[in-house]
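The values are calculated or read from the model by the stated rules, or taken from the named source; none is laboratory data. The structure presented is a predicted model; accordingly, all values stated were derived computationally and were not measured. Surface accessibility is based on the protein's heavy atoms, side chains included, excluding ligands, DNA and RNA. Shrake-Rupley method; radii C 1.70, N 1.55, O 1.52, S 1.80 Å.
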Amino acid sequence: MSTIRPRRSCLYMPGANAKALEKAKTLPADVLLLDLEDSVAPEAKESARDAVAAAVKAGGYGKRELVVRMNSLDTEWGHTDLEMAAKSGAQAVLAPKVTGARDIERLSQLMKDAGAPAEMALWVMIETPLAILNIKEIAAEAHRTHLSTFVMGTNDLAKEYRARMTADRLAFQTALQLTVAAARAYGLTAIDGVYNDIKNPDGFREECEQGRDLGFDGKTLIHPTQVDDANRIFAPSPHDVEQAKAVIEAFADPANAGKGVLKVNGKMTELLHLDEAKRIVATDDLIREFAG
Ligand code: COA
Ligand code: MG
């Protein structure tokens, strides 16, 4: 279950940071991740929950998708966070530290029990070694529940793996690629992890390009300065859109009727490329619609 909409830029903000919650109303992020978990200190958990509930209720976020990141059900805050999120009016709740299919079942049941509306989605962090090993069975829950989106948690994964975060993200390639494969197999959205070095825009752009090339739909962000680059890099480029339109036109040309392979602007183009071309044009249309 996944509504089609752009999710190029998914900006985290600490639920305890009133200024960030306010500032987000002016930022061109596709998704706002209102965090109650890692970025909120234990003594601020309850007030952050209240602040997020009030912010979502008050609104003013326009077309931005609102997602509440809860604490794990294993903590003293998790259940109350989920109950708040379910009734908040947010489009989704994001659950951390899941490890297997049973977590998805449990979260879904609790969302239902808390009175979450039918259209509310469940997003989960993929950030534990067990989640990587169980990624197929987790993704398969999308067919029975409202699970719609995977969000890579590369900081937690690095900690659990005891791996280093190098520029090429060598240690995470298996996790990133399995997550994309499972997402595609079961129709989920896949969002890449964060880039911690706010002061290094070149490194950030390179990592966005890597995530896009791996197949991710967008990237999680931690600072407003990262939004524009993510929006640009995770959108089809004007050149991609132009080529996609040429492919669609070429296959629609009666002169090419019945052909399975064509040359379009010098590139070998098969019917399988027509599907991708249609997806690119549809994504481009969607981004324009959301920007308008
Ligand atoms: N969302 C919305 N607004 C944000 C923001 C965010 N993630 N990060 C910073 N801002 C705002 C600040 O409030 C400030 O607003 P102002 O211009 O109205 O004063 C402006 O952007 C500039 O912020 P800056 O001074 O550069 O950063 P900071 O020192 O205030 O904050 C961080 C730095 C890292 C603490 C902050 O960016 C942050 O909390 N990021 C998100 C962390 C998070 O949620 N992590 C969990 C997932 S990994
Ligand atoms: Mg985390």
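A few remarks follow.
- HN-Hα J in Hz across segment 187-204 - Karplus 6.51, -1.76, 1.60, θ = phi - 60°, x for Gly and Pro: x, 9, 7, 10, 10, 6, x, 8, 10, 6, 7, 4, 7, 10, x, 5, x, 4
- Exposure of His143 as accessible area (Å², to 10), given a probe of 1.4 Å and all protein chains: 130
- Per residue Cα convex hull volume in Å³ - calculated over the chain: 143
- Derived from the Cα gyration tensor, the three semi-axes of the equivalent ellipsoid of segment 1-43 are 22, 14, 7 Å, largest first.
- In order along segment 75-92, phi translates into HN-Hα couplings of 9, 6, 9, x, 4, 5, 4, 5, 4, 4, 4, 4, 9, 6, x, 5, 6, 7 Hz, rounded to whole numbers, per the Karplus curve 6.51 cos²θ - 1.76 cosθ + 1.60 with θ = phi - 60° and x for Gly and Pro.
- Taking a ≥ b ≥ c as the square roots of the eigenvalues of the alpha carbon gyration tensor, segment 170-221 is prolate, as a/c is not under 1.5 and a/b beats b/c.
- Length-normalised contact order for the chain - Cα pairs under 8 Å, 6+ apart - percent: 17
- For Asp35, the residues whose modelled amide H falls within less than 5 Å of its own, excluding neighbours fewer than 5 places apart on the same chain, are Met13, Gly15, Arg69.
- Relative to one another, the C-alpha centroids of segment 134-175 and segment 52-120 are positioned 20 Å apart.
- For segment 49-92, the C-alpha radius of gyration divided by 2.2 N^0.38 Å, with N the number of residues, is 1.15.
- Debye intensity ratio I(q)/I(0), log10, segment 1-119, q values 0.09, 0.13, 0.19, 0.23 Å⁻¹ (C-alpha model): -0.22, -0.47, -1.02, -1.44
- Sequence-ordered 3J(HN,Hα) estimates for segment 266-279 from the Karplus curve with 6.51, -1.76 and 1.60 and θ = phi - 60° stand at x, 10, 4, 9, 9, 4, 5, 6, 5, 4, 5, 4, 5, 5 Hz, glycine and proline given as x.
- With the largest listed first and rounded to whole Å, the semi-axes of the equivalent ellipsoid of segment 50-143 from the Cα gyration tensor are 23, 14, 12.
- Residue-averaged 222 nm ellipticity for the chain, from DSSP H runs of 4+ at -39500 (n - 2.57), nearest 500: -14000 deg cm²/dmol
- When all alpha carbon pairs of segment 146-253 are counted in 5 Å bins from zero, the resulting P(r) reads 2, 11, 20, 20, 18, 14, 7, 4, 2, 1, 0, 0 %.
- Percentage of interatomic Cα-Cα distances in segment 82-237 larger than 26 Å: 27
- For Ala121, nonlocal amide neighbours, meaning residues 5 or more places apart or on other chains whose placed amide H falls under 5 Å from its own, are Ala92, Val93.
- Within the assembled protein chains, the solvent-accessible surface assigned to Glu83 is about 90 Å², based on a 1.4 Å probe.
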